[in-house]
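Single-structure report; data block below.
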Amino acid sequence: MVSLRYCRFLASSLRRNNFLSGKRECSNHSSHHGTQERMLAWQIHSYGGIEELVLSNSVRIPAITSPENILVKVSASSVNPMDVAMMGGYGSTLLNIGRQLKSCSSDTLEFPLILGRDFSGVIVEKGHGVNDSFQFGDEVWGVVSPFQPGCHAQYTVVPMTNVMKKPSTLNDVEAASVLYAAVTAWSALKITGDLCLQSAHGKKVLVLGGSGGVGSAAVVCTCSGDAIPLVESLGADAVIDYTDPNADILVLQEGKYDIILNAAGLRHPQHTKALKEQSLAKYITITSPLLRNADQHGIALGMARSAFDLISSNMNLRSAPFFLGGPSVRWGYFIPSSKAIEEITELAANGLLTPAIEKVFPFSELPAAYQKVLNGHSRDGQLYRLDIILCKQ
């Protein structure tokens, strides 16, 4: 966040230049210019454990600083493993640089920091660059980039490309549990996995730590034994218990794969022998060491270490190099995309996306939700996604 003086100047300048459209339409907060300019928000003022989470009632309602921004009154939001990791300082080196670049200022403050990545809510204000498909009072769902202040607050500002009207098939709680994980998976498969350049039809995908189907691809998932009924109900073509001593054999028996997606937090590639040969097959992990290396070694050495890690992973495949048609190891990331949200919204509207919600917490009990994620974060050594929803009061 840039300095308070600069924020006030910027917000005033935007209003003078008529960047904003309409007024806030919700109870208790009628206008930026009124006395109700504050909101409740959970913040951290330093990195650490759950004790760092502080509920403040004097946080300024975020201002619209771009004509393409939308201000949303948050109805519900979720706690992701990424939120818990960021609370402890994970990724802070590169994320802080990203925030400075986004604000075009090296004076951007690191703290206080609001976490929270996905949400549902109601549009209460928008910039003049926002198209007419978004109107005041529209129920929307959206996702917040890690470079931006999060949504564990009563209000959040996001670019219009990061929100879409909420599918009528989902309630507020269900809608708040989906997009960050879904957009991350979409980015990994469509962008990193090149499925945006070629049809997914006929492709075979193995999801390590999988929790659902991916488009029209044939999907095989690994998970722990107690999660098999859930994963089967979500539409996987085959489910393999990774605790089974014969799991490696069972994976190979399902056939060779075009893509293996590591959604289980595994640090080293597994089941790479199951990748197809001479077909540009890909092993994609969404838990790359890029942010961790930058935190541990600094920007320059961290980038060099990351390059070494990626090259080493590819060399360890012991197959034809990717430029000769062999398989490759790639790193996937959350990449906000209106196309991704549009496709995920269509899936949800058609009943093809089923949120799996572990437990619902009131907004005032956010630290308990973080603790629940910490307790369920690792299952037998594998990362376990837990959808914890915070209902706004």
- prompt: Ignoring ligands, DNA and RNA, what percent of the 1.4 Å accessible area of the stretch 145-195 is carbon and sulfur?
  reply: 60
- request: Please work out whether the stretch 231-346 counts as rounded, prolate or oblate from its C-alpha gyration tensor, where a ≥ b ≥ c are the square roots of the eigenvalues and a/c under 1.5 means rounded, while otherwise a/b larger than b/c means prolate and anything else oblate?
  value: oblate
- request: Quick one: grab the alpha carbon gyration tensor of the stretch 102-184, order the square roots of its eigenvalues as a ≥ b ≥ c, and give me rounded if a/c is under 1.5, else prolate or oblate depending on whether a/b is larger than b/c.
  value: oblate
task: Please list His128, His152 in order of solvent-accessible area, largest first, computed with a 1.4 Å probe with all protein chains present.
output: His128, His152
task: Determine, from the Cβ-Cβ distance of Ala304 and His268 and an R0 of 25 Å, the FRET efficiency 1/(1 + (r/R0)^6), rounded to the nearest 0.05.
output: 0.80
query: Which shape class applies to the stretch 63-147: rounded if a/c is under 1.5, otherwise prolate when a/b exceeds b/c and oblate if not, where a ≥ b ≥ c are the square roots of the Cα gyration tensor eigenvalues?
result: oblate
- line: Ignoring ligands and nucleic acids, Val54 exposes an accessible area, probe 1.4 Å, in Å² to the nearest 10, of 60
field: Per-residue SASA entry for Asp258, accessible area with 1.4 Å probe, Å² rounded to 10
entry: 20
task: Once you have the Cα-Cα distance between Tyr333 and Arg60, take 0.36 nm times their residue separation minus that, and quote the gain in nm to one decimal.
output: 95.2 nm
field: Ile311-Glu254 FRET efficiency (beta carbon distance; Förster radius 35 Å; 0.05 resolution)
entry: 0.75
field: Separation of alpha-carbon centers, the stretch 94-166 and the stretch 329-365, rounded to whole Å
entry: 16
The stretch 252-350 - percent of accessible surface contributed by carbon and sulfur, probe 1.4 Å: 58
task: On the full set of protein chains, 1.4 Å probe, figure out the accessible area of Cys221 and give it in Å² to the nearest 10.
output: 0
Accessible surface, per residue, of the stretch 98-146 when the full set of protein chains is kept, probe 1.4 Å, Å²: 38
task: May I ask you to rank Phe361, Phe323 by accessible area, largest first, using a 1.4 Å probe over the protein chains only?
output: Phe323, Phe361
query: Which of the peptides 58-68, 246-256 is most tightly packed, and how do the rest follow, judged by the mean count of other Cβ atoms within 10 Å per residue?
result: 58-68, 246-256
message: Given a 1.4 Å probe and heavy atoms of the protein chains only, how would you sort Arg330, Arg267, Arg38, largest accessible area at the top?
response: Arg267, Arg38, Arg330
query: What's the extension gain from Phe134 to Lys102 if we count 0.36 nm per residue and subtract their Cα-Cα distance?
result: 9.1 nm
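The values are calculated or read from the model by the stated rules, or taken from the named source; none is laboratory data. Every value quoted in this text rests on a predicted model; they were computed, and no experiment measured them. Backbone-built Cβ (ideal geometry, glycine too); neighbour counts: all protein chains shown. Surface areas here come from the heavy atoms of the whole protein model, side chains and all, with no ligands, DNA or RNA. Shrake-Rupley method; radii C 1.70, N 1.55, O 1.52, S 1.80 Å.
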